[in-house]
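Please treat every number below as a calculation from the coordinates, not as lab data. Since the model is a prediction, treat every value here as computed from it, not as a measurement. As a convention, Cβ positions derive from the backbone with ideal geometry for all residues, glycine included, and neighbour counts pool all protein chains shown.
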Ligand code: VGL
Ligand code: ZN
């Protein structure tokens, strides 16, 4: 049994240098690669926002966001620095249904149709470290769902990027008060 799994949330180009570029994104990728370099034996799972071009969260459909992470575009791709660590079976795609917003990686599925929780249980993982983008949205929702499902959850606070600095701080405070460890 492995000690823990690392869950990398939405380190995708649109959240790094694209239409929804977040604050601190390049630094978060660099810090994540450094973390992996020190702890390379643990499984790494990737959450990927993966929208159809007509997704309901996009402004043209009345949603809050510019088009982002559209399937088949560069903006939907994981940052090149993380590609050496990607195992396609451990990539979970969310936001594929045009009608549904999905901030939580917990609702994602891998290409075999398995959920994050299912795969973590198969690997007998009880503890997860979460990093990624954006703190206030996908990182928070994914971490909270993992906690509710009974996993021990820690967030790597140097490996996060965010839409808004105050929103990031507030989200971390609230997550800590719920029982998510910040390390
Ligand atoms: C996200 C905005 C839009 C996220 C996804 O995963 O944090 N944020 N879509
Ligand atoms: Zn999205």
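What is segment 63-158's relative contact order, in percent, from Cα pairs under 8 angstrom and six or more apart in sequence? Let's see the in-between values first.
On the way: 101 pairs, mean separation 19.3, N = 96.
Result for segment 63-158 is 20 percent.
When DSSP assigns beta bridges and you keep just the ones with both residues in the chain, what percent turn out antiparallel, to the nearest 5?
Working: 4 of 27 bridges.
Around 15 percent antiparallel, to the nearest 5.
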- Note on the structure: Restricted to segment 90-180, the DSSP antiparallel beta bridge percent, nearest 5, is 25 percent
- Message: Taking a ≥ b ≥ c as the square roots of the Cα gyration tensor eigenvalues, with a/c under 1.5 meaning rounded and otherwise prolate when a/b beats b/c, else oblate, which class fits the chain?
- Response: rounded
- Task: Determine, for each peptide in 5-12, 94-101, the mean count of other beta carbons within 10 angstrom over its residues, then list the peptides with the highest first.
- Result: 5-12, 94-101
- Item | Relative contact order of the chain, pairs being alpha-carbon contacts under 8 Å that are 6 or more residues apart, as % | 27 percent
- Item | Between segment 58-137 and segment 1-36, the Cα center-to-center distance that results, in Å | 12 Å
- What's the angle, to the nearest 10 degrees (0 to 90), between helix 25-38's Cα axis and the longest principal axis of the chain? 20 degrees
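Which shape class applies to segment 88-183: rounded if a/c is under 1.5, otherwise prolate when a/b exceeds b/c and oblate if not, where a ≥ b ≥ c are the square roots of the Cα gyration tensor eigenvalues? Before the final figure, lay out the partial values.
Details: a/c = 2.06, a/b = 1.31, b/c = 1.57.
Note, shape of segment 88-183 comes out oblate.
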- For the chain, find the longest principal axis of its Cα atoms and tell me its angle to the long axis of helix 165-178, 0 to 90°, nearest 10. 40 degrees
